[in-house]
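Peer 1: The structure that follows is given in the form of C-alpha cells.
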Ligand code: AMP
C-alpha cells in the first residue's frame with residue numbers, strides 16, 4: 001500500500017459506482033471525455049452557462065450529460081450530489097484558474113491526482129524551490145534588477161499565458177521596465193522549446209521506475225505563442241519597440257514535436273527527480289504533468305516551468321503519439337487517466353490516486 005492522498009470516506013462510493021469522469025467544458029475536455037468513454041466510464045461536462053455547441057461536432061468526445069452552472073464558483077453547491085453519483089473531477093489549467101486554487105482545493109468531490117500540488121505550482125518561488133531540491137537544471141534567477149548581466153525574461157506571478165512578460169536583451173533595456181505586480185527575473189535561455197507530457201503512476205511496477213511507481217512519456221508539443229512566435233516577420237526588435245509593439249507569449253495553439261533520441265535520458269532523469277521530490281514534499285504529483293524546457297545548442301535541457309496536471313498540448317494525440325504508441329496502442333493522456341482510475345478501483349487503491 002502506497003501513500004493515501006484522500007480519506008477513505010471520500011472515495012467509498014466509488015467502490016460501488018462506476019466513476020463519472022467530470023471536468024469543465026474547456027481546455028482538454030474533449031480528450032478527457034473521449035478517453036473515459038473508451039474505457040467505459042461515465043462522463044459529465046461542467047458548463048458555465050449554456051453547454052458549448054462544439055461537442056455536437058465531436059460525437060466520440062461528447063460527455064454523457066452536462067451540468068450547467070451560472071458561475072464556476074457555484075459548483076461547490078453541487079458537491080454532495082456529485083459525490084453520491086460517483087463523480088471524479090479531473091483538474092485542468094482552465095478549471096483551476098477559473099475556479100481559483102482555493103475554491104478548487106475546498107471542493108468536496110474526489111479529484112484525480114493530488115490537490116496539494118496546486119499550492120506548489122501556483123507560487124513561482126515554491127515551484128523553484130521544488131525544482132532546485134530535485135537538482136533539475138533551470139535558467140538562472142536574478143535576485144534584483146541591478147544584478148542582471150545578460151538577456152532576461154521577467155515573469156509575473158501566476159501570469160499563465162505569458163501576457164505582459166518583459167524581455168530585455170541587456171541590462172540597459174531594463175530602464176523601460178515598469179512592474180505591475182510581483183515578478184521573477186530569469187535568464188533568457190536561447191534554444192528550442194519542448195513541452196514533454198508525462199504520467200506518473202504510483203500503482204505501476206513496470207516501465208521506467210521511480211521510487212514509488214513509474215513514469216511514462218505520452219507525448220510532446222511546442223506551443224504557438226502570440227505574438228512572439230511571428231514577430232520576426234515584422235523585422236528587428238528595436239523597430240518593433242519604437243512602433244509600440246511588445247512581445248507577449250499568449251498560447252494560441254500547439255504543434256507536435258519529437259526530441260532527439262539522445263536527449264531522452266536527460267528528460268526522463270529530470271521527470272523522475274521532480275516526481276521523487278514531490279513525493280517527499282507533499283505525497284506526490286500523481287497523474288499527468290508536463291516538463292517545459294529549452295534545449296540549448298550544447299544540448300542541455302533547462303526547465304523553465306512544470307505544469308502539474310494535464311496540459312492542452314496533449315490534445316494533439318487523442319489516438320496516441322510517437323511516444324505513447326510505444327507504450328500501448330491508442331493511448332491518449334485522457335485515456336491513461338481513465339485506465340489509472342480503473343486499476344485503482346480494481347486493486348482497491350483509490351485513495352492513492354484521488355484526493
Ligand atoms: P511560463 O509562464 O514560465 O510557462 O513562460 C511562458 C513562455 O515564456 C514559455 O512558453 C516560453 O516561450 C517563454 N519562456 C519562459 N521562460 C523562459 C526562459 N527562461 N527563457 C526563454 N524563454 C522563456
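The values are calculated or read from the model by the stated rules, or taken from the named source; none is laboratory data. Remember, predicted model here, so these are calculated numbers, not experimental data. Here the Cβ positions follow ideal geometry from the backbone for every residue, glycine too, while neighbour counts run over all protein chains shown.
Peer 1: Checking residue 81 against (1) outside the structural domain of residue 179 (by TED's automatic domain parsing); (2) touching a strand residue (DSSP E or B) at 6+ places or on another chain (Cβ under 8 Å), which test does it fail?
Peer 2: (2)
Peer 1: Among the residues of segment 165-201, write down those that are within 30 Å of residue 265 (Cβ to Cβ), touching a helix residue (DSSP H, G or I) at 6+ places or on another chain (Cβ under 7 Å) and within 14 Å of the ligand (Cβ to nearest atom). Quick ask: steps written out before the conclusion?
Peer 2: Keep residues of segment 165-201 that are within 30 Å of residue 265 (Cβ to Cβ), which gives 184, 186-201.
From the residues that got through so far, the ones that are touching a helix residue (DSSP H, G or I) at 6+ places or on another chain (Cβ under 7 Å) too are 184, 195-201.
If the condition is that a residue be within 30 Å of residue 265 (Cβ to Cβ), touching a helix residue (DSSP H, G or I) at 6+ places or on another chain (Cβ under 7 Å) and within 14 Å of the ligand (Cβ to nearest atom), then 184, 195, 196 are the ones that fit.
Peer 1: Could you please find all residues in segment 324-338 being under 20 Å from residue 196 (Cβ atoms), in contact (Cβ under 8 Å) with a residue 40 or more places away in the chain and either touching a helix residue (DSSP H, G or I) at 6+ places or on another chain (Cβ under 7 Å) or assigned to a helix (DSSP H, G or I) (or both)?
Peer 2: 324, 331, 332, 333, 334, 335, 336, 337
Peer 1: Read through the list (1) outside the structural domain of residue 309 (by TED's automatic domain parsing); (2) at pLDDT 90 or above; (3) away from the ligand (no atom under 16 Å from the Cβ), then give the number of the only condition that residue 251 fails.
Peer 2: Answer for residue 251: the failing condition is (3).
Peer 1: Another question about this same structure. Taking only segment 260-283 into account, find how many residues are away from the ligand (no atom under 16 Å from the Cβ) and either modelled with pLDDT under 95 or in contact with a strand residue (DSSP E or B) (Cβ under 7 Å, 6 or more places away or on another chain) (or both).
Peer 2: Number of matching residues: 7.
Peer 1: A further question follows. Give the residue, chosen from 291, 286, 210, that is closer than 25 Å to residue 34 by Cα and away from the ligand (no atom under 16 Å from the Cβ).
Peer 2: Details: 291 fails: away from the ligand (no atom under 16 Å from the Cβ); 210 fails: closer than 25 Å to residue 34 by Cα.
Result: 286 is the single residue among 291, 286, 210 that is closer than 25 Å to residue 34 by Cα and away from the ligand (no atom under 16 Å from the Cβ).
Peer 1: Mind counting the residues in segment 47-64 that are buried (at least 18 other Cβ atoms within 10 Å of the Cβ) and without any contact (Cβ under 8 Å) to a residue 40 or more places away in the chain?
Peer 2: Of segment 47-64, the ones buried (at least 18 other Cβ atoms within 10 Å of the Cβ) are 47-48, 51, 55, 61-63.
Now narrow it down to the ones that are without any contact (Cβ under 8 Å) to a residue 40 or more places away in the chain: 47, 51, 55, 62-63.
Residues flagged as buried (at least 18 other Cβ atoms within 10 Å of the Cβ) and without any contact (Cβ under 8 Å) to a residue 40 or more places away in the chain within segment 47-64 amount to 5.
Peer 1: What single numbered condition from (1) without any contact (Cβ under 8 Å) to a residue 40 or more places away in the chain; (2) away from the ligand (no atom under 14 Å from the Cβ) fails to hold for residue 135?
Peer 2: For residue 135, the failing item is (1).
Peer 1: Could you go through segment 7-18 and let me know if any residue there is assigned by TED's automatic domain parsing to the domain that holds residue 104 and farther than 14 Å from residue 83 by Cβ.
Peer 2: Yes - at least one qualifying residue is present in segment 7-18.
Peer 1: Among the residues in segment 93-115, are any in the same structural domain as residue 280 (by TED's automatic domain parsing), more than 30 Å from residue 157 (Cα to Cα) and buried (at least 18 other Cβ atoms within 10 Å of the Cβ)? Outline the logic, then answer.
Peer 2: Step one: filter segment 93-115 for residues in the same structural domain as residue 280 (by TED's automatic domain parsing), giving 93-115.
From what's left, more than 30 Å from residue 157 (Cα to Cα): none.
No, the conditions are met nowhere in segment 93-115.
Peer 1: Okay, moving on. If residue 67 satisfies every condition in (1) part of a helix (DSSP H, G or I); (2) touching a residue at least 12 places away in the same chain (Cβ under 8 Å) but one, which is the exception?
Peer 2: (1)
Peer 1: With the condition kept exactly as written, say whether any residue in segment 331-345 is under 16 Å from the mean Cα position of the chain (by Cα), within 20 Å of residue 90 (Cα to Cα) and within 16 Å of the ligand (Cβ to nearest atom).
Peer 2: Checked against the condition, which is being under 16 Å from the mean Cα position of the chain (by Cα), within 20 Å of residue 90 (Cα to Cα) and within 16 Å of the ligand (Cβ to nearest atom), segment 331-345 yields no hits at all.
Peer 1: Does residue 86 qualify as being assigned by TED's automatic domain parsing to the domain that holds residue 44, in contact with a helix residue (DSSP H, G or I) (Cβ under 8 Å, 6 or more places away or on another chain), touching a residue at least 24 places away in the same chain (Cβ under 8 Å) and surrounded by fewer than 18 Cβ atoms within 10 Å (Cβ to Cβ)? Lay out the reasoning, then the answer.
Peer 2: Values: assigned by TED's automatic domain parsing to the domain that holds residue 44: yes; in contact with a helix residue (DSSP H, G or I) (Cβ under 8 Å, 6 or more places away or on another chain): yes; touching a residue at least 24 places away in the same chain (Cβ under 8 Å): yes; surrounded by fewer than 18 Cβ atoms within 10 Å (Cβ to Cβ): no.
No, not satisfied.
Peer 1: Take the conditions over 16 Å from residue 29 (Cβ atoms), within 16 Å of the ligand (Cβ to nearest atom) and not assigned by TED's automatic domain parsing to the domain that holds residue 30 and apply them to residue 129. Does it pass? Please lay out each step first, then the result.
Peer 2: Details: over 16 Å from residue 29 (Cβ atoms): yes; within 16 Å of the ligand (Cβ to nearest atom): yes; not assigned by TED's automatic domain parsing to the domain that holds residue 30: no.
Spelling it out, it is not the case that residue 129 is over 16 Å from residue 29 (Cβ atoms), within 16 Å of the ligand (Cβ to nearest atom) and not assigned by TED's automatic domain parsing to the domain that holds residue 30.
Peer 1: Still on this structure: If you go through segment 148-159 one residue at a time, how many are more than 9 Å from the ligand (Cβ to nearest atom) and without any contact (Cβ under 8 Å) to a residue 24 or more places away in the chain?
Peer 2: Residues meeting the conditions: 1.
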